[in-house]
Each structure stands twice: as structure tokens, then as C-alpha cells.
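The values are calculated or read from the model by the stated rules, or taken from the named source; none is laboratory data. What you are looking at is a predicted structure, and each value in this text was computed from that prediction instead of being measured. Ideal geometry is used to build each Cβ from the backbone, glycine not excepted, and the neighbour counts take in all protein chains shown.
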Amino acid sequence: MKLLVTGGAGYIGSVVTEQLLGAGHQVEVLDDLSTGHRDAVLEGAAWHHGSITEAGEILDESFDAVIHLAARSLVGESVAHPERYWHGNIVATLALLDAMRDAGVKRMVFSSTAAVYGDAEAAQITEDLPTAPTNPYGASKLAIDHMLSAEATAHGLAAVSLRYFNVAGASGSLRERHDPETHLIPNVLKAARDDAPHATIFGTDYPTEDGTAVRDYIHVRDLAEAHLAALDYAELSRHAIFNLGTGTGTSVREVIDAVREVTGVNIEAVEQDRRSGDPAVLVASGARAAAELGWRPTRDVRQMVADAWTAGAEHR
Ligand SMILES: NC(=O)c1ccc[n+]([C@@H]2O[C@H](COP(=O)([O-])OP(=O)(O)OC[C@H]3O[C@@H](n4cnc5c(N)ncnc54)[C@H](O)[C@@H]3O)[C@@H](O)[C@H]2O)c1
């Protein structure tokens, strides 16, 4: 297939691009480099530096699909500057959908997020639970999910939303390089490398086994594989939604222990109060993705830590 990957210079987009090229697809990347890195785009992909609002200048009927990863994705920023999320995620995606409709491109795989579920209390989150995002970032992704449903009904789009849980790990040298970095595993690895004085645990009084928050970490390579399955699965006039996680929860303390084990560094962990809005437990049910996409993640947290550690070490 001939594919446009938006956000292909970012962490997840670069690994998705790598796997699409590996599977023999023709890939073009569109990225404004607001948070991405030009050197993360593999040579086999055609490169377009620009915003997704300019997708109309690239798309034509020769494209089979768009994999839409480009977004602003900082929860804190979205609370402080919601307008950046309405413009950067919702309005910009509307322009992308307009460009796809004009060009006759009928298939989209979209990066949605577990943040659309807010503080869901289920032990495992299924796709039919009510959505109730607690911040503008999650709300902007949910709005796009709604746009895709309506676009499928009205104009025949074949759409798949993939709701990622906590993505981690690396693929060779393709790794997380966010600034600021808000994700746990890269931050604990910074402490292991002495780039940070210690790891921080936000909240030790959650109703979980060890008192720290529990999340569902998914290896970026497993996650990227789901995009290839979703491309095949997408069906005209239908919007499908899948949660992507492992179904297994890992606590903050368990992540820090895994980093200590993999790196051999006895990282200091400093305990602080909970951050407001952080739910105790967020774990995906992988049942629908397994049954319908035939997708099952195979890599565990230790592997995520080991791959991120190795990738980071190469760039010191
Ligand atoms: N990393 C996670 O754990 C996680 C979890 C849930 C959902 N997601 C979603 O996955 C996607 C990718 O996340 P990531 O961690 O790789 O982030 P990232 O910041 O590394 O990648 C996003 C890319 O999109 C580009 N971009 C942003 N706005 C753009 C625009 N208007 N036009 C063109 N390019 C633009 C950035 O330059 C960057 O290269 C995002 O949509 C994010 O919301 C990520």
C-alpha cells in the first residue's frame, strides 16, 4: 500500500514507519518536527516537513491510507493551554479529513488513547466502557474518535482508532526523546544514567498492592504491529475501536525494581504526594484486539526497560 504517516518523526511514528517499510509498503512521512526528530525518519520513507493542515498538498488518489499519529500529547500542557489541543488536534485533524475526502483516500488508522476513559474503575478497561476524559488532551482525542465515526457513516471512511495504554521500550536506536519527558520508564532510566538525581514516585497511598499507581505498559514494537493489523482490518463505512495494552498491570515500584535489575544501578526513589487526576489503576482488556485483529503483545516490562536502556546508551 501507499501510506501517509503523520507524526512519523515522533517516537511511535518512527517505529510504525520502520515496520511498514519492513512489510514492503510505500511510506511518506508528514511531520512539523514540533516534538519529533528528523533523524528518526528512516531513509526508505519520503519526507515532508509540514503541518497536517497541509496534507492536501500531498494526498492524491494514489494513497491507500493515512496512519495519523501526529498530535500534541502533554496532559499538563492541555490543562494550561487547552486551545493548543483544540487547534492542534481537533481542528488540524478536521483539515486532514477534508484533504482525505477531497483526494478520495478512504482509510485511516488513528492514535487514540486510554485517556479517553478518564478514571475508569474496571479492573480491565474494555472498549464499551463509558468515556469520560479528565483533561483537554483526552477530550481532544475523544472528539476525533467521534469525528471518525461520523465520517465513516456519512462519507464511507474506513477508520480504526487504536487506544494506546502506556507505551514504552525502543526498536533498535528508535526511542523516546520527549522534552519534557513525562513518562515513567525513560525518567527512571535517566536516574540510572545519572542524568537525574533520583526517580520520583507520585503517591504511595493508592489502594493497590504496594500503594503506588498501576499502569499497563505496552512495548512500542508490539504496538506498531497492531497498526499493520488495523490497516488490513479497516472496512469501508465502519469505525472500529481497539484498546492496546497487555492486560497486565505494573506498579511504579515494580517498574523501578525492573530498572534496577536491568541496569544494575541501585536508583534512589523519592516519594511524593499523588499528582491530581492520576487514577490508581489503568489496565486494558486486550480481548477485542486479540479476537478481531488477531493481535497479541509478546514483550514484557523487563524487555521494554532493557530495549530503552540499550537504545539510550548508544546515544550518550
Ligand atoms: N507515548 C504514549 O504513551 C502514547 C499513549 C497514548 C497515545 N499516544 C498518541 O500516540 C501518538 C504519538 O505519540 P508519541 O509518543 O510518538 O509522540 P511524539 O511527540 O514523539 O510524536 C508526535 C509527532 O507528531 C508531530 N506533530 C505534532 N503535531 C503536528 C502537526 N500539527 N503536524 C505535523 N506533525 C505534527 C511531532 O513533531 C512528532 O514528531 C500521539 O498521537 C499521542 O497522542 C501516545
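Would it be correct to say that Asp194 is more than 19 Å from Ala95 (Cβ to Cβ), more than 16 Å from the ligand (Cβ to nearest atom), surrounded by fewer than 22 Cβ atoms within 10 Å (Cβ to Cβ) and not β-branched (Val, Ile, Thr)? Taking the combined requirement at face value, the residue satisfies it. When His81 is tested against (1) within 26 Å of Ala132 (Cβ to Cβ); (2) surrounded by fewer than 23 Cβ atoms within 10 Å (Cβ to Cβ); (3) within 13 Å of the ligand (Cβ to nearest atom), just one condition goes unmet, and that condition is (3). Could you list, in sequence order, the residues of segment 285-307 that are of a type in the set (A, V, I, L, M), over 14 Å from Asp222 (Cβ atoms) and out of contact with any helix residue (DSSP H, G or I) (no Cβ under 6 Å at 6 or more places or on another chain)? Of everything in segment 285-307, those that are of a type in the set (A, V, I, L, M), over 14 Å from Asp222 (Cβ atoms) and out of contact with any helix residue (DSSP H, G or I) (no Cβ under 6 Å at 6 or more places or on another chain) turn out to be Ala287, Ala291.
Among the criteria (1) away from the ligand (no atom under 16 Å from the Cβ); (2) surrounded by fewer than 22 Cβ atoms within 10 Å (Cβ to Cβ), the one Ala143 does not fulfil is (1).
Restricted to segment 11-102, the set of strands (runs of 3 or more DSSP E) holding at least 1 residues that are more than 22 Å from Met1 (Cβ to Cβ) and aliphatic (A, V, I, L, M) is empty. Put simply, of Gly169, Gly88, Gly104 the only residue that is in contact with a His (Cβ under 9 Å, 6 or more places away or on another chain), among the small types (Gly, Ala, Ser) and at pLDDT 95 or above is Gly169.
Checked against the criterion of being of a type in the set (Val, Ile, Thr), outside any helix (DSSP H, G or I) and farther than 26 Å from Pro133 by Cα, segment 266-289 contains one or more residues that satisfy it. Taken across segment 218-225, residues that are within 16 Å of the ligand (Cβ to nearest atom), more than 30 Å from Gly156 (Cβ to Cβ) and out of contact with any helix residue (DSSP H, G or I) (no Cβ under 7 Å at 6 or more places or on another chain) do occur, with at least one present. Of all residues in segment 206-253, those that are among the charged types (D, E, K, R), touching a residue at least 60 places away in the same chain (Cβ under 8 Å) and part of a loop (DSSP other than H, G, I, E, B) total 2.
Taking the criterion of being more than 16 Å from the chain's Cα centre (by Cα) and either in the same structural domain as Asp222 (by the TED database) or touching a residue at least 60 places away in the same chain (Cβ under 8 Å) (or both), would at least one residue in segment 158-169 satisfy it? So far as segment 158-169 goes, yes, one or more of its residues are more than 16 Å from the chain's Cα centre (by Cα) and either in the same structural domain as Asp222 (by the TED database) or touching a residue at least 60 places away in the same chain (Cβ under 8 Å) (or both). The single residue among Ala65, Ala92, Ala99 that is over 16 Å from the mean Cα position of the chain (by Cα), within 21 Å of Ala152 (Cβ to Cβ) and within 8 Å of the ligand (Cβ to nearest atom) turns out to be Ala92. Restricting to segment 163-179, and then to whatever is of a type in the set (A, V, I, L, M) and out of contact with any Ser or Thr (no Cβ under 6 Å at 6 or more places or on another chain), can you tell me which residue is nearest to the ligand (Cβ to nearest atom)? If we take residues in segment 163-179 being of a type in the set (A, V, I, L, M) and out of contact with any Ser or Thr (no Cβ under 6 Å at 6 or more places or on another chain), then Val167 is nearest to the ligand (Cβ to nearest atom). Filtering segment 259-316 to residues that are closer than 30 Å to Glu127 by Cβ and hydroxyl-bearing (Ser, Thr, Tyr) leaves Ser276, Ser285, Thr298. The sole residue among Ala120, Ala99 that is buried (at least 18 other Cβ atoms within 10 Å of the Cβ) and at pLDDT 95 or above is Ala99.
Given the structure, is Tyr117 in contact (Cβ under 8 Å) with a residue 40 or more places away in the chain, over 21 Å from Val29 (Cα atoms), of a type in the set (Phe, Trp, Tyr) and touching a strand residue (DSSP E or B) at 6+ places or on another chain (Cβ under 7 Å)?
The answer is yes for Tyr117.
Right, Ala123: more than 13 Å from the chain's Cα centre (by Cα), in a loop (DSSP other than H, G, I, E, B) and either within 11 Å of the ligand (Cβ to nearest atom) or touching a residue at least 40 places away in the same chain (Cβ under 8 Å) (or both) or not? Considered against the rule, which asks whether it is more than 13 Å from the chain's Cα centre (by Cα), in a loop (DSSP other than H, G, I, E, B) and either within 11 Å of the ligand (Cβ to nearest atom) or touching a residue at least 40 places away in the same chain (Cβ under 8 Å) (or both), Ala123 comes out as yes.
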